[in-house]
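Peer 1: Pasting in a structure now, in structure tokens, and then I'll have a few things to ask.
The values are calculated or read from the model by the stated rules, or taken from the named source; none is laboratory data. On a predicted model such as this, the values are computed, not experimentally measured, just so you know. Glycine gets a Cβ as well: all are built from the backbone with ideal geometry, and neighbour counts include every protein chain shown.
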Amino acid sequence: MIKVIFICHGNICRSPMAQFVLQELVNKIGLSSEFKIRSAATSQEEIGNGVYPPVQRLLNNLGIDVSSKKARQITKADCNEYDYIIAMEEYNVKNLFFLHSSVLNKCKVFLLKDFTDTPGDIDDPWFTRQFDVTYNEVLEGCRCFLKTLNKEGKITLNDEQLKIIDEDL
């Protein structure tokens, strides 16, 4: 089983978006039993709050229900349990290491866009108000993450599954 946790500042916009987008992709290609996908925050600001309403609407319009998601902070146990700790921006990585440097394996930590041809940060739509831009970057990152796992032999995707990954959700 491949265990993935997405990280952002508050766990109400980008990281839950990535969690549910990746889950939708693995469901569509029939690999949901091979993945455990979650998300968490580096801050405590939003703990217990649901997905930010504009993100929830965007995902609901795609048929993705996020109503059960509540923001939580990443724990030391998460750092040990998950194979991939995927942050949305360098600021999240910095905070992650501040919180859990004693247990964090640097080899597990990535930025989502680092799996794409345009590495870097995914801006926080809470500030930018560009939820569609964030969604497109998250979707591309999740697609490329799955393709990377395939190239590395951690999952095996056939041509039909690769085609499904590239289709609209």
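Peer 1: Limited to the stretch 100-117, what total is found for residues that are at pLDDT 95 or above, more than 24 Å from Arg57 (Cβ to Cβ), outside any strand (DSSP E or B) and hydrophobic (A, V, I, L, M, F, W, C)?
Peer 2: Within the stretch 100-117, the first condition is being at pLDDT 95 or above, and the residues that meet it are 108-117.
Then drop every residue that is not more than 24 Å from Arg57 (Cβ to Cβ), which leaves 108-111, 114-117.
If we keep only those that are outside any strand (DSSP E or B) too, we end up with 108, 114-117.
Then drop every residue that is not hydrophobic (A, V, I, L, M, F, W, C), which leaves 115.
Summing the residues that are at pLDDT 95 or above, more than 24 Å from Arg57 (Cβ to Cβ), outside any strand (DSSP E or B) and hydrophobic (A, V, I, L, M, F, W, C) in the stretch 100-117 gives 1.
Peer 1: Also, quick follow-up: Would you point out which residue out of Tyr52, Tyr84 is in contact with a Phe, Trp or Tyr (Cβ under 8 Å, 6 or more places away or on another chain), farther than 15 Å from Asp124 by Cβ and among the hydroxyl-bearing types (Ser, Thr, Tyr)? I'd like the intermediate steps shown before the answer.
Peer 2: Values: Tyr52 fails: farther than 15 Å from Asp124 by Cβ.
Exactly one of Tyr52, Tyr84 is in contact with a Phe, Trp or Tyr (Cβ under 8 Å, 6 or more places away or on another chain), farther than 15 Å from Asp124 by Cβ and among the hydroxyl-bearing types (Ser, Thr, Tyr), namely Tyr84.
Peer 1: Let me ask something additional. Considering each of Ile37, Ile7, Ile85 in turn, give the residue that is buried (at least 19 other Cβ atoms within 10 Å of the Cβ) and free of Cβ contacts under 8 Å to residues at least 40 places away in the same chain. Break it down into steps so the answer makes sense when it comes.
Peer 2: Details: Ile7 fails: free of Cβ contacts under 8 Å to residues at least 40 places away in the same chain; Ile85 fails: free of Cβ contacts under 8 Å to residues at least 40 places away in the same chain.
Exactly one of Ile37, Ile7, Ile85 is buried (at least 19 other Cβ atoms within 10 Å of the Cβ) and free of Cβ contacts under 8 Å to residues at least 40 places away in the same chain, namely Ile37.
Peer 1: Shifting gears a bit: Surrounded by 24 or more Cβ atoms within 10 Å (Cβ to Cβ), at pLDDT 95 or above and more than 16 Å from Thr75 (Cα to Cα): does that describe Gln23?
Peer 2: Details: surrounded by 24 or more Cβ atoms within 10 Å (Cβ to Cβ): no; at pLDDT 95 or above: yes; more than 16 Å from Thr75 (Cα to Cα): yes.
No; evaluated as a whole, the condition is false for this residue.
Peer 1: Quick one: which of Ala77, Ala41 is in contact with a helix residue (DSSP H, G or I) (Cβ under 8 Å, 6 or more places away or on another chain), of a type in the set (Gly, Ala, Ser), more than 18 Å from Gly141 (Cα to Cα) and modelled with pLDDT of 95 or more?
Peer 2: Ala41
Peer 1: Step by step: first the residues of the stretch 63-79, then only those that are surrounded by 15 or more Cβ atoms within 10 Å (Cβ to Cβ) and out of contact with any His (no Cβ under 8 Å at 6 or more places or on another chain), then the one that is nearest to Leu99 (Cα to Cα). Which residue is that?
Peer 2: If we filter the stretch 63-79 for residues that are surrounded by 15 or more Cβ atoms within 10 Å (Cβ to Cβ), which is where we start, we get 64, 66, 69, 71-74, 78-79.
Still in the running and out of contact with any His (no Cβ under 8 Å at 6 or more places or on another chain): 64, 66, 69, 71-73, 78.
On the way: Ile64: 31, Val66: 27, Lys69: 23, Ala71: 17, Arg72: 14, Gln73: 10, Asp78: 12 Å.
Ranking the candidates gives Gln73 first.
Peer 1: Which residues, taken from the stretch 21-42, are out of contact with any strand residue (DSSP E or B) (no Cβ under 7 Å at 6 or more places or on another chain) and at negative phi?
Peer 2: To start, the set of residues in the stretch 21-42 that are out of contact with any strand residue (DSSP E or B) (no Cβ under 7 Å at 6 or more places or on another chain) comprises 21, 24-25, 27-33.
Passing the criteria: Val21, Glu24, Leu25, Asn27, Lys28, Ile29, Leu31, Ser32, Ser33.
Peer 1: Something else about it: Using beta carbons and a limit of 9 Å, which pairs, at least six apart or on different chains, have the first residue in the stretch 146-161 and without any contact (Cβ under 8 Å) to a residue 40 or more places away in the chain and of a type in the set (D, E, K, R) and the second one outside any loop (DSSP other than H, G, I, E, B) and surrounded by 13 or more Cβ atoms within 10 Å (Cβ to Cβ)?
Peer 2: If the second residue must be outside any loop (DSSP other than H, G, I, E, B) and surrounded by 13 or more Cβ atoms within 10 Å (Cβ to Cβ), the pairs left are Lys147/Phe115; Lys147/Leu162; Lys147/Ile165.
Peer 1: Residues of the stretch 40-53 being loosely packed, with under 15 Cβ neighbours inside 10 Å and farther than 21 Å from Leu96 by Cα, which ones?
Peer 2: Scanning the stretch 40-53 gives a single hit, Pro53.
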